[in-house]
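First the structure, in the form of structure tokens, and then the observations on it.
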Amino acid sequence: MLGKIEAIVIGGSWGGIDAVIKILSALPSDFKPTMVIALHRPKNVVNSLEGILKKYSKVPFSEPYDKEEIKLNHVYLAPSNYHLLIEKNKIFSLDVSEPVNYFRPSIDVLFESAAEVYGKFLAGILLTGANKDGGNGMKTIAGKGGFTIVQDPSTAASGIMPSAALRLIKPDFLGSVHSITELISSGKEFIWQ
């Protein structure tokens, strides 16, 4: 067993929605860890991404509000046009500072703040994407003793994002979305909270 994981952060961009749908669809309703997802999407566009993804999740699913207390057995989606951060007392913070790697929400911002709070009790998953966002965040997660999972670039709709992470870290797990989904949904490698 690799250890107890309390929270999982997931980042993706180009092709990331389909990958996240596969992961969500496989989660059992009693999946204990908190899951927080940051996906790049157009700013100032009202869309129904929360509604779309919610349909695939047996676990309670929502976009968090500022200063909301983080719950276990819940999936959260970073709201459009906000950076989503996790604060020390395990509450969310929404931030409208400048985009990072051209995006808000930034995957790096979420991953780095989560690593500071959860340390070795965090797993980070970086999926398909067409820019380098998430690489530094994965490096921070690894540096704090968290578990790192990267989609194999050869299986990604765009391999730029996972490749950027692979230049910075040797992940604990590298594989297709299918193998990542099996790892996470089964919990075989972990003692879930």
In Å², rounded to a whole number, the accessible area per residue of region 7-186 with probe 1.4 Å is 43
The lysines whose Cα lies under 27 Å from the Cα of residue 58, excluding any fewer than 8 residues away in the same chain, are 4, 22, 32, 67, 71, 90, 120, 188
Filtering the chain for DSSP H helices with an axial alpha carbon extent of at least 18 Å and a Kyte-Doolittle mean of at least 0.5 returns none
Checked region 65-132 against the a/c 1.5 cut and the a/b vs b/c comparison, axes a ≥ b ≥ c from its Cα gyration tensor; verdict oblate
Restricting to Cα pairs under 8 Å and 6 or more apart, the percent relative contact order of the chain works out to 26
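Considering only protein heavy atoms and a probe of 1.4 Å, how much of the accessible area of the chain is carbon and sulfur, as a whole percent? The partial results should precede the final answer.
Details: 4630 of 8580 Å².
Reported share for carbon and sulfur atoms: 54 percent.
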Projected onto the charge dipole of region 99-193 (unit charges on the beta-carbon of Lys, Arg, Asp and Glu, signs +1, +1, -1, -1), the Cα from 127, 179, 138 with the largest positive-side position is that of 138
When every protein chain stays in place and a 1.4 Å probe is rolled, 178, 74 sorted by accessible area with the largest first are 178, 74
Note on the chain, DSSP bridge orientation, antiparallel percent to nearest 5 equals 20
Once all protein chains are kept in place, residue 30 shows an accessible area at probe 1.4 Å, nearest 10 Å², of 100
Within region 96-193, DSSP-loop chymotrypsin sites (Phe, Trp or Tyr not before Pro) with at most 12 other C-beta atoms within 10 Å are 102
Given unit charges at Cβ for Lys, Arg (+) and Asp, Glu (-), the dipole magnitude of region 45-93 about its Cα centre in debye, nearest 20, is 220
Quick calc, the chain, dipole around Cα centre from Cβ unit charges on Lys, Arg (+) and Asp, Glu (-), nearest 20 debye, gives 220
Between the residues 65, 21, 93, the Cα farthest towards the positive end of the dipole of region 1-124, that dipole coming from +1 and -1 charges on the beta-carbon of Lys, Arg, Asp and Glu, is from 21
Checked the chain with the C-alpha gyration tensor, a ≥ b ≥ c its square-rooted eigenvalues, rounded below a/c of 1.5, otherwise prolate if a/b is larger than b/c and oblate if not; verdict rounded
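Determine the calculated [θ] at 222 nm for the chain from helices alone, applying -39500 (n - 2.57) to every DSSP H run no shorter than 4 residues and normalising by the residue count; nearest 500 deg cm²/dmol.
Computed ellipticity for the chain at 222 nm equals -8000 deg cm²/dmol.
On a 1.4 Å probe surface of the protein chains, which of 148, 140 comes out largest in accessible area, and what is the full order?
Result, largest first: 140, 148.
The values are calculated or read from the model by the stated rules, or taken from the named source; none is laboratory data. These figures come from a predicted structure and were not determined experimentally. All Cβ positions, glycine included, derive from the backbone under ideal geometry; neighbour counts span all protein chains shown. Calculation scope for accessible area: heavy atoms of the full protein, side chains included, ligands and nucleic acids excluded. Shrake-Rupley method; radii C 1.70, N 1.55, O 1.52, S 1.80 Å.
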